[in-house]
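Each remark here refers to the structure printed beneath this line.
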Amino acid sequence: MDSSLYLQNHSDFHSSYLLSPSSIPGRYELFWKELDYVKNLWKNRPDLKVEDAGITALFGLECFAWYCAGEIVGRGFTFTGYYP
């Protein structure tokens, strides 16, 4: 079996850039742009369409579902609690 299929090429610039500390300022800037967009939407609530509100609600529901799934997997696929 060829083990090279399972190893990532560490000389790949794109993957090393995504993990490098220099990508943090760019992500920080994008975070603030997104936050400004949400603030602008909040200021213009009357102009908000029902479709946009529905998409936002579905996104929030999906995030909550992934959180619940992660908790269940973290507990060892039990719904009642953690194994002792």
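Name the residue that is most open to solvent (accessible area, probe 1.4 Å), counting only residues in the range 49-84 that are aromatic (F, W, Y) and part of a helix (DSSP H, G or I). Can you show your working first?
Within the range 49-84, the subset aromatic (F, W, Y) is 59, 64, 66-67, 77, 79, 82-83.
Next cut, part of a helix (DSSP H, G or I) only: 59, 64, 66-67.
On the way: F59: 128, F64: 121, W66: 176, Y67: 134 Å².
The selected residue is W66.
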Selection within the range 34-48 - open to solvent by less than 100 Å² (accessible area, probe 1.4 Å), modelled with pLDDT of 85 or more and part of a helix (DSSP H, G or I):
L35, D36, N40
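The values are calculated or read from the model by the stated rules, or taken from the named source; none is laboratory data. A quick note: this is a predicted structure, and the numbers were derived from the prediction, not measured. All accessible areas refer to the heavy atoms of the entire protein, side chains included, with ligands and DNA or RNA removed. Shrake-Rupley method; radii C 1.70, N 1.55, O 1.52, S 1.80 Å.
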